[in-house]
Amino acid sequence: GHLYLKPGPHFSHKLIDPPIFLPHRRVDSSGSMEAFASMIYLALLGLFVVVSGTPSADFLRCAQTQGFGSYVVLPGTSQYTALIQDSWVSNAGWTPVAFFEAPSSNGIKAALKCARQVSVVVCPRSGGHSKMGGSLCNGIVLDLARMNRYQFAQGGTSVVLGAGLPQGELLYHTVKQGPLGKFPPVGECPPVGLPGFMLGGGLIEMDGRYGLGCDNLLQVQYVLANGSQVSASATQNTELFWASCGGGGGYFGVAFGITLRLRDRSPYDRNSYFRYDWGISRAAQVLRAYSSWTLSGGKISLKLKSDFNVIPPVIRAFGVCWEVDSANACEAALNATPVFKVPGRIKRLNQHTTSLLDALKFMSKSGNYGQKIPPPSFTNEVAFLDQLYGAASKSNSVRWANTVSKYNSLPSLTYYQNIVNYCASTGISKSP
Ligand SMILES: Cc1cc2nc3c(=O)[nH]c(=O)nc-3n(C[C@H](O)[C@H](O)[C@H](O)COP(=O)(O)OP(=O)(O)OC[C@H]3O[C@@H](n4cnc5c(N)ncnc54)[C@H](O)[C@@H]3O)c2cc1C
């Protein structure tokens with residue numbers, strides 16, 4: 001969703017600037033300085049022809065008059081190219097009029113005012129991880145990465161943070177130096193931004209017990225499209241607060257500040273994670289029983305995945321039992337849920353762990369998303385956090401490039417064809 005701004009009363013038609021003249025200085029009879037000056041003049045004139053009178057130039061000029069000119073990044077610069085690539089989907093063909101690297105809520109207001117004046121759309125960008133490329137557009141990309149401050153509040157039970165703080169960094173700072181025994185209800189992909197994640201709902205590993213990420217929102221501070229600043233909470237602007245939990249980013253305003261409830265770690269620091277496989281012929285039964293895991297009262301995180309890359313192909317369940325003191329207790333809890341009553345399962349992994357971060361590691365990329373046992377040497381939380389933090393500060397474009405190269409080779413067409421064939425053979429779908 002992009003914020004569409006109608007031209008305001010100050011909308012002005014594009015102005016033709018007077019040309020730029022360089023002072024001529026004759027220094028020697030060869031006239032080389034003069035020729036040099038003429039070259040610069042022509043170069044600047046060329047620049048002028050490209051930029052002046054365009055929405056980009058008009059936006060820059062407006063931002064300058066508002067005192068925020070230095071936060072504008074225009075097309076044709078290496079910084080602009082780098083900023084485009086700093087999105088999960090960076091190759092969808094967007095050519096933003098400009099990036100605005102907002103330093104403050106006043107900066108956001110200025111950018112909205114100028115976008116209105118130039119009559120272009122605005123798309124806020126926080127972590128840039130929209131899988132639809134929603135935080136790039138052909139208007140002004142309001143990049144909030146600079147607004148990444150955080151402060152623990154209310155006796156260490158909540159945290160107030162700027163829109164630009166990625167969730168991995170929040171997890172890192174909370175566990176490393178935040179209130180003892182607390183953690184933020186965030187997902188495990190470090191560079192995902194909190195506004196996009198929270199406004200869209202926010203699926204987390206522990207959501208069965210604590211709800212979605214956005215169920216832990218205490219307040220969201222917005223700049224609305226008309227430039228006004230509002231707070232939304234359970235007591236203020238309650239409709240907007242309701243919409244902030246799942247309504248999605250980019251629709252109701254620019255969220256620049258978030259207050260989030262922190263959670264107690266202790267139930268999650270007693271866990272056991274698991275992985276089970278069934279032959280693929282059991283897939284329909286497993287899928288039918290899948291929703292039953294919610295009966296566990298949120299004490300089991302469970303994900304399903306089919307794997308046609310192994311022979312014979314399998315349907316795989318993996319996840320974490322929370323609040324258990326042993327692998328046996330986990331197994332007992334699993335046995336009580338119908339999905340695990342489907343016969344023929346093969347136990348691949350059931351290992352007792354003690355730390356929330358161990359479980360997150362198993363479920364995240366480090367554990368190949370529930371597919372591999374983290375190395376036995378992994379006992380050091382700080383090392384894991386450093387790894388998360390290191391990943392978060394890497395450019396998204398690197399990650400994007402890796403993803404593209406991965407999908408160029410895997411999964412293959414045969415992989416999908418196998419799924420389609422299988423579904424057709426079982427009658428799961430008549431038109432695969
Ligand atoms: C690798 C990966 C892993 C993921 N894992 C999970 C997961 O575990 N759980 C889960 O729930 N989701 C997950 N997601 C989905 C993710 O939560 C959404 O894509 C989310 O929108 C990303 O937020 P962002 O701030 O990084 O995105 P952005 O691309 O910056 O923004 C997403 C949308 O919100 C708008 N927006 C951005 N900032 C603001 C703001 N400050 N105010 C108002 N609107 C704004 C944008 O314009 C855009 O429309 C994952 C995505 C990826 C790519």
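The values are calculated or read from the model by the stated rules, or taken from the named source; none is laboratory data. Fair warning: this is a prediction, and the values are worked out from it, not measured in the lab. Positions of Cβ are backbone-derived with ideal geometry, glycine not excepted, and every protein chain shown enters the neighbour counts.
Tell me which residues, restricted to the range 86-101, are in contact with a Lys or Arg (Cβ under 8 Å, 6 or more places away or on another chain) and of a type in the set (S, T, N, Q).
Within the range 86-101, SER87 is the sole residue that qualifies.
As an exercise: evaluate ALA92 against (1) more than 16 Å from the ligand (Cβ to nearest atom); (2) more than 21 Å from ALA255 (Cβ to Cβ); (3) out of contact with any strand residue (DSSP E or B) (no Cβ under 6 Å at 6 or more places or on another chain) and give the number of the one condition it does not meet.
Condition not satisfied by ALA92: (1).
For residues that are closer than 15 Å to GLY196 by Cα and surrounded by fewer than 22 Cβ atoms within 10 Å (Cβ to Cβ), scanning just the range 257-283, find the one that is farthest from the ligand (Cβ to nearest atom).
THR259
When the residues of the range 171-203 are narrowed to those that are under 13 Å from the mean Cα position of the chain (by Cα), closer than 22 Å to PRO267 by Cα and among the aliphatic types (A, V, I, L, M), which ends up farthest from the ligand (Cβ to nearest atom)?
VAL186
Tell me, please, whether a residue that is within 15 Å of the ligand (Cβ to nearest atom), surrounded by fewer than 16 Cβ atoms within 10 Å (Cβ to Cβ) and under 30 Å from LYS176 (Cα atoms) can be found in the range 133-147.
Among the residues of the range 133-147, at least one is within 15 Å of the ligand (Cβ to nearest atom), surrounded by fewer than 16 Cβ atoms within 10 Å (Cβ to Cβ) and under 30 Å from LYS176 (Cα atoms), which makes the answer yes.
For SER105, all conditions in the list (1) closer than 22 Å to SER130 by Cα; (2) of a type in the set (Ser, Thr, Tyr); (3) at pLDDT 95 or above hold save one; what is the number of the exception?
(1)
Could you identify the single residue in LEU180, LEU170 that is crowded, with 18+ Cβ neighbours inside 10 Å and not assigned by TED's automatic domain parsing to the domain that holds SER272?
Being crowded, with 18+ Cβ neighbours inside 10 Å and not assigned by TED's automatic domain parsing to the domain that holds SER272 holds for just one of LEU180, LEU170, which is LEU170.
Scan TYR80, TYR150 and give me the residue that is more than 30 Å from LEU180 (Cα to Cα), surrounded by fewer than 23 Cβ atoms within 10 Å (Cβ to Cβ) and aromatic (Phe, Trp, Tyr).
TYR80
If I go through the range 204-230 residue by residue, how many of them are over 19 Å from VAL122 (Cβ atoms), more than 11 Å from the ligand (Cβ to nearest atom) and surrounded by fewer than 20 Cβ atoms within 10 Å (Cβ to Cβ)?
Adding up the residues that qualify gives 7.
For the range 231-256, how many residues are surrounded by 15 or more Cβ atoms within 10 Å (Cβ to Cβ) and of a type in the set (Val, Ile, Thr)?
Number of matching residues: 1.
Run ASN148 past the list (1) at pLDDT below 90; (2) more than 29 Å from CYS321 (Cα to Cα) and report the number of the one that doesn't hold.
Going through (1) at pLDDT below 90; (2) more than 29 Å from CYS321 (Cα to Cα) one by one, ASN148 breaks only (1).
From the list VAL320, VAL314, VAL286, VAL254, exactly one residue is more than 30 Å from ILE140 (Cα to Cα), touching a Phe, Trp or Tyr at 6+ places or on another chain (Cβ under 7 Å), modelled with pLDDT of 85 or more and within 16 Å of the ligand (Cβ to nearest atom). Which is it?
Only one candidate passes the filter, namely VAL320.
What single numbered condition from (1) near the ligand (Cβ under 9 Å from one of its atoms); (2) under 23 Å from PRO55 (Cα atoms) fails to hold for SER130?
(2)
Is there a residue in the range 71-81 that is without any contact (Cβ under 8 Å) to a residue 12 or more places away in the chain and part of a loop (DSSP other than H, G, I, E, B)?
Within the range 71-81, one or more residues are without any contact (Cβ under 8 Å) to a residue 12 or more places away in the chain and part of a loop (DSSP other than H, G, I, E, B).
Does at least one position in the range 109-117 carry a residue that is touching a helix residue (DSSP H, G or I) at 6+ places or on another chain (Cβ under 9 Å) and either on the phi > 0 side of the Ramachandran plot or assigned to a loop (DSSP other than H, G, I, E, B) (or both)?
No, every residue in the range 109-117 fails to be touching a helix residue (DSSP H, G or I) at 6+ places or on another chain (Cβ under 9 Å) and either on the phi > 0 side of the Ramachandran plot or assigned to a loop (DSSP other than H, G, I, E, B) (or both).
Within the range 304-315, work out how many residues are out of contact with any Lys or Arg (no Cβ under 8 Å at 6 or more places or on another chain) and buried (at least 16 other Cβ atoms within 10 Å of the Cβ).
Qualifying residue count, the range 304-315: 3.
For the range 145-169, which positions are outside any loop (DSSP other than H, G, I, E, B) and touching a residue at least 40 places away in the same chain (Cβ under 8 Å)?
Matches in the range 145-169: PHE152, ALA153, GLY156, SER158, VAL159, VAL160, LEU161, GLY162, PRO166, GLN167, GLY168, GLU169.
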